[in-house]
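The values are calculated or read from the model by the stated rules, or taken from the named source; none is laboratory data. Since we're looking at a predicted model, the values are computed, not measured. Heads up, the Cβs are rebuilt from the backbone with ideal geometry, glycines too, and the neighbour counts pull from every protein chain shown. Areas reflect the complete protein model, heavy atoms only, side chains present, ligands, DNA and RNA absent. Shrake-Rupley method; radii C 1.70, N 1.55, O 1.52, S 1.80 Å.
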Amino acid sequence: MPVECREKIVDEREAPRIAAALLDHYDTHARTLAWRISPQQRAAGVRPDPYRVWLSEVMLQQTTVAAVTSYFNAFIGRWPTVEALAAAPAEDVLAAWAGLGYYARARNLIACARAMAADHGGRFPDTEPGLRALPGIGDYTAAAVAAIAFDRPSAVVDANVERVTARLFAIHTPLPAAKSAIRAKVAQMLPAARPGDFAQAMMDLGATICTPRNPSCLLCPVAGWCEARAQGIAESLPVKPPKKAKPARTGTAWWIEQQGHVLLVQRADKGMLGGMRALPDDGWSASRNGNRAPPLAGQWTQLDAAVAHVFTHFSLDLSLALYRGPQIDKVAFENLNGACWWPVERIEEAGLPTLFAKAARIAIQHR
DNA sequence: AATCCGGGGAA
DNA sequence: TTCCCAGGATT
């Protein structure tokens, strides 16, 4: 018991020094990112645009900086304000999101922008609870926007912060059970001044130095405080639960083309690839294989080529079949649960998620 | 507390 | 291959 008391006192005294060292390092080593303002701007008192902060944070949920950057620039160029985004047709936003994944984020993005325009006069709430109540904004994003855009002293805990903090304090409790302990440590370190920069400094450290494998402890500005480094166990933390095996599923996508147009459908709002345009398929899902039953009678060419695709919780081997006739009455398929005939030469603009974009590419090669 | 939800970059 | 990423919603 005396040992625990002594450690706690040391932590409380050292926590502000850790934050100060982190901020010093951030001032000279911060990553240049499309959604960040420059150090000069920040020194001049410029605040980040909450819209840009929010948009980047939503895009960055479970998604790497490398994958997000081009999407962020495209969205900002096309919809410079939250009002512009709120006024955009949902199908345009979903198509612009195509390829980024986790499409519920795009649906929530639209709902959030419209709620903001309707209920908040186009202004973002400037508190963590106010932000937390909006669609698509959870604990992390509410804290991040509050800290970065509004200078609120909120504890921002993402996967980087979890890793950095678990190592700094040698927290052996496996995730996600360790989350509350990690949050408490972050709150302890949180500086009254520059909470947004502190959050970003922690995330930069996790992304560039305190990496999951082979961390660069020799370059770390807080290595002197790191209990995991002292024990030589940095790379083994944080402890994560074992991951489950992904079941393998098979399915078929149907390529039905007439007069240079291919039949696309709109998927149901809920579930996999929800709300997105897609090729018709045979009902494959995470829990079962497709039924291989064509959507209409006629002559089909089964391609040898298939699309191998890996989702979060299963892998899919998607085979392709091309419709060869007889001629269809195209009008009969229009207005059929979101079905439409899309010009094949403009397939890139359809906003197909990656699985179906790959399938379309192969079908076009073999048609 | 578990589960569902994409896709790609890096080692 | 395997790992993991500025997580949120639902059950």
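For (1) open to solvent by 60 Å² or more (accessible area, probe 1.4 Å); (2) out of contact with any Pro (no Cβ under 9 Å at 6 or more places or on another chain); (3) not assigned by TED's automatic domain parsing to the domain that holds A:Y51, each residue gets a yes or a no:
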position: A:V156; (1), (2), (3): no, no, no
position: A:H172; (1), (2), (3): yes, no, no
position: A:L175; (1), (2), (3): no, no, no
position: A:K179; (1), (2), (3): yes, yes, no
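Within the stretch A:219-226, can one find any residue that is farther than 29 Å from A:W35 by Cβ and surrounded by fewer than 18 Cβ atoms within 10 Å (Cβ to Cβ)?
Yes, the stretch A:219-226 contains at least one residue that is farther than 29 Å from A:W35 by Cβ and surrounded by fewer than 18 Cβ atoms within 10 Å (Cβ to Cβ).
Search the stretch A:309-332 for residues that are farther than 18 Å from A:M272 by Cβ and of a type in the set (A, V, I, L, M, F, W, C) and pair each with any residue that is at pLDDT 95 or above and within 16 Å of DNA strand B (Cβ to nearest atom) when their beta-carbon atoms are under 7 Å apart and the residues are at least 6 apart or on different chains.
So the pair list comes out as A:L320/A:A253; A:L320/A:A359; A:L320/A:I362.
I need the full set of residues from the stretch A:39-67 which are under 24 Å from A:D27 (Cβ atoms) and surrounded by 17 or more Cβ atoms within 10 Å (Cβ to Cβ), in order please.
A:R42, A:P48, A:D49, A:P50, A:R52, A:V53, A:S56, A:E57, A:L60
Working only within the stretch A:303-327, note down all residues that are surrounded by 11 or more Cβ atoms within 10 Å (Cβ to Cβ), out of contact with any Lys or Arg (no Cβ under 7 Å at 6 or more places or on another chain) and outside any strand (DSSP E or B).
The one that is surrounded by 11 or more Cβ atoms within 10 Å (Cβ to Cβ), out of contact with any Lys or Arg (no Cβ under 7 Å at 6 or more places or on another chain) and outside any strand (DSSP E or B): A:F311.
Can you pull out the residues in the stretch A:281-291 that are outside any strand (DSSP E or B) and closer than 10 Å to A:W254 by Cα?
Once the filter is applied, which keeps residues that are outside any strand (DSSP E or B) and closer than 10 Å to A:W254 by Cα, the stretch A:281-291 yields only A:D282.
Among the residues of the stretch A:138-152, are any part of a loop (DSSP other than H, G, I, E, B), over 17 Å from A:I233 (Cα atoms), free of Cβ contacts under 8 Å to residues at least 40 places away in the same chain and within 16 Å of DNA strand B (Cβ to nearest atom)? Spell out the reasoning first.
First, pick out the residues of the stretch A:138-152 that are part of a loop (DSSP other than H, G, I, E, B): A:138, A:151-152.
The next check asks that each one be over 17 Å from A:I233 (Cα atoms); those that pass are A:138, A:151-152.
Adding the requirement that they be free of Cβ contacts under 8 Å to residues at least 40 places away in the same chain leaves A:138.
If we keep only those that are within 16 Å of DNA strand B (Cβ to nearest atom) too, we end up with A:138.
Looking through the stretch A:138-152, at least one residue is part of a loop (DSSP other than H, G, I, E, B), over 17 Å from A:I233 (Cα atoms), free of Cβ contacts under 8 Å to residues at least 40 places away in the same chain and within 16 Å of DNA strand B (Cβ to nearest atom).
If you check A:P343 against the conditions, is it open to solvent by 30 Å² or more (accessible area, probe 1.4 Å) and more than 21 Å from the chain's Cα centre (by Cα)?
In short, no.
Quick one: would you say A:G325 is away from DNA strand B (no atom under 13 Å from the Cβ), under 16 Å from A:A98 (Cβ atoms) and not aliphatic (A, V, I, L, M)? Let's see the steps before the verdict.
On the way: away from DNA strand B (no atom under 13 Å from the Cβ): yes; under 16 Å from A:A98 (Cβ atoms): no; not aliphatic (A, V, I, L, M): yes.
It is false that A:G325 is away from DNA strand B (no atom under 13 Å from the Cβ), under 16 Å from A:A98 (Cβ atoms) and not aliphatic (A, V, I, L, M).
Any idea which of A:R114, A:R132, A:R123 is within 9 Å of DNA strand C (Cβ to nearest atom) and among the charged types (D, E, K, R)? Talk me through it step by step, then tell me what you get.
Numbers: A:R114 fails: within 9 Å of DNA strand C (Cβ to nearest atom); A:R123 fails: within 9 Å of DNA strand C (Cβ to nearest atom).
On inspection, the qualifying residue turns out to be A:R132.
Quick one: which helices (runs of 4 or more DSSP H) sit completely within the stretch A:5-119 and have at least 1 residues that are without any contact (Cβ under 8 Å) to a residue 12 or more places away in the chain and in the same structural domain as A:R194 (by TED's automatic domain parsing)?
Working: elements: A:39-43, A:50-59, A:65-78, A:82-87, A:90-97, A:104-119.
Counting at least 1 such residues, we get A:39-43, A:65-78, A:82-87, A:90-97, A:104-119.
Could you please find all residues in the stretch A:165-185 being of a type outside the set (S, T, N, Q) and away from DNA strand B (no atom under 16 Å from the Cβ)?
Looking only at the stretch A:165-185, we keep the residues that are of a type outside the set (S, T, N, Q), and these are A:166-172, A:174-179, A:181-185.
Across the stretch A:165-185, the qualifying residues are A:A166, A:R167, A:L168, A:F169, A:A170, A:H172, A:K185.
Can you tell me which condition A:E162 does not meet? The list is (1) open to solvent by less than 30 Å² (accessible area, probe 1.4 Å); (2) within 16 Å of DNA strand B (Cβ to nearest atom); (3) free of Cβ contacts under 8 Å to residues at least 40 places away in the same chain, and all the others hold.
(3)
From the list A:A228, A:A207, which residue is more than 10 Å from DNA strand C (Cβ to nearest atom), outside any loop (DSSP other than H, G, I, E, B), small (G, A, S) and in contact with a helix residue (DSSP H, G or I) (Cβ under 7 Å, 6 or more places away or on another chain)? Give the derivation first.
Values: A:A207 fails: more than 10 Å from DNA strand C (Cβ to nearest atom).
Result of the check over A:A228, A:A207: A:A228.
Identify the single condition in (1) away from DNA strand B (no atom under 16 Å from the Cβ); (2) open to solvent by 70 Å² or more (accessible area, probe 1.4 Å); (3) touching a residue at least 24 places away in the same chain (Cβ under 8 Å) that A:N291 does not satisfy, given that it satisfies every other one.
Status for A:N291: all satisfied but (3).
If A:G130 satisfies every condition in (1) part of a helix (DSSP H, G or I); (2) farther than 30 Å from A:S180 by Cα but one, which is the exception?
Of everything listed in (1) part of a helix (DSSP H, G or I); (2) farther than 30 Å from A:S180 by Cα, A:G130 misses just condition (2).
May I ask you to verify whether A:W35 is farther than 30 Å from A:C226 by Cβ, away from DNA strand B (no atom under 16 Å from the Cβ) and modelled with pLDDT of 95 or more?
no
Just name the residue that is farthest from DNA strand B (Cβ to nearest atom) out of those in the stretch A:267-288 that are more than 22 Å from the chain's Cα centre (by Cα) and open to solvent by 50 Å² or more (accessible area, probe 1.4 Å).
For the stretch A:267-288, the residue satisfying everything is A:R288.
Can you report the number of residues in the stretch A:231-275 which are within 30 Å of A:Q302 (Cβ to Cβ) and in a helix (DSSP H, G or I)? I'd like the intermediate steps shown before the answer.
At the first step, the residues of the stretch A:231-275 found to be within 30 Å of A:Q302 (Cβ to Cβ) are A:245-268, A:271-275.
Of the ones still in play, those that are also in a helix (DSSP H, G or I) are none.
Total meeting the criteria: 0.
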